[in-house]
Amino acid sequence: MRDGVELTAYLVNESRARKPDLAEDQLAAEWIPEAERRAVRNLWDEYAGAVYPHDDLVVSLRGRFIADTLAEVLRKEPDTVLVVCGAGFSSYPWLLPFAAALEVDLPDMVAAKRRRAAELVAAGVAEDREVRHLAADLCSATDRERLAVAVRETAAGRPVAYVAEGVLFYLPPDDAGAVVTLGARFGTTVLTAVSYWPDAAAGSRVLARQRHWFRRREVPAEASHLTHQQLTELLGTPVEDLGPADLQRRYLGRVAVPEAELIPEYVAVSRPGATV
């Protein structure tokens, strides 16, 4: 584990591992090797003290909603292929029986994920699934085209569920928009799910504290923000859009922590051919 945007994958993993019942991710605590767990816990505690102490809530809610949405797709289209950009240490291909999956991230993250996945499968902790790992820079048009080709090859005409989680806000605006619309180049994309920070929350005090902490850790401090209207126009379909307060009501039955005290991460879901 080192500084840079890859570091955020370790924070996300620790957040899910701290709320396993809410996240419903039994592999969350397994992705970090034992020798690294103390360092990851200490990193999370440092982040919680400097930025906000509720990342476990926000990240677990986000992952739970995406997993539930993917499960709905599988019930309708059992041969669906999963594509995840910004895969980090997410567990979706091992939690749900996708026909195949393609995970995309930066090279160091891909190497760490591939290595640990092999270890977990060998130990009998995770099922042996058809998961392809692809290193790519989502700010590169060439890499995005390479990704689209890889997805079409992997899907081989089967439906595709596309997830871009925890990544858009680290990209310049034009590249963020290009990543949102990548699913249109995959063939038959039956679902696009993206997480993003809304433009209306650009002045968030929590985001300001995070920017300060990110600068010390060599994580890009500048961020892209989107609006519901922009996402609707980019995707060309109605969009189901839920924020931290909406997700708390869905899974907790109440708003336990006001949205103003949280990272304002929203999840937008597009289902071509469906209405919301």
* Kindly provide the set of residues from region 259-276 that are surrounded by fewer than 16 Cβ atoms within 10 Å (Cβ to Cβ) and either in contact with a Pro (Cβ under 6 Å, 6 or more places away or on another chain) or in a strand (DSSP E or B) (or both), ordered by number. => Thr275, Val276
* Return the only residue of Glu14, Glu24, Glu77 being within 22 Å of Asp108 (Cβ to Cβ), touching a residue at least 24 places away in the same chain (Cβ under 8 Å) and surrounded by 14 or more Cβ atoms within 10 Å (Cβ to Cβ). => Glu14
* Structure fact -> Residues of region 179-223 being part of a helix (DSSP H, G or I), under 30 Å from Asp79 (Cβ atoms) and open to solvent by less than 60 Å² (accessible area, probe 1.4 Å), in sequence order, are Val179, Val180, Leu182, Gly183
* Asked: Scanning region 235-258 for residues that are in contact (Cβ under 8 Å) with a residue 24 or more places away in the chain and among the charged types (D, E, K, R), which turns out most open to solvent (accessible area, probe 1.4 Å)?
  -> Arg250
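For every residue, the table says whether it meets (1) aliphatic (A, V, I, L, M); (2) in contact with a Gly (Cβ under 9 Å, 6 or more places away or on another chain); (3) open to solvent by 30 Å² or more (accessible area, probe 1.4 Å).
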| position | (1), (2), (3) |
| --- | --- |
| Ser91 | no, yes, no |
| Leu106 | yes, yes, yes |
| Arg115 | no, no, yes |
| Glu153 | no, no, yes |
| Tyr162 | no, yes, no |
| Glu165 | no, yes, no |
| Pro173 | no, no, yes |
| Gly177 | no, no, no |
* Asked: Which one of the conditions (1) in contact with an Asp or Glu (Cβ under 9 Å, 6 or more places away or on another chain); (2) open to solvent by 10 Å² or more (accessible area, probe 1.4 Å); (3) farther than 21 Å from Val5 by Cβ does Ala141 fail to meet, given that it meets all the rest?
  -> (3)
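The values are calculated or read from the model by the stated rules, or taken from the named source; none is laboratory data. For clarity, every value in this text was computed on a predicted model and none was experimentally measured. Note: ideal-geometry Cβ built from the backbone for every residue, glycine included; neighbour counts use all protein chains shown. Note: areas computed on protein heavy atoms with side chains; ligands, DNA, RNA excluded. Shrake-Rupley method; radii C 1.70, N 1.55, O 1.52, S 1.80 Å.
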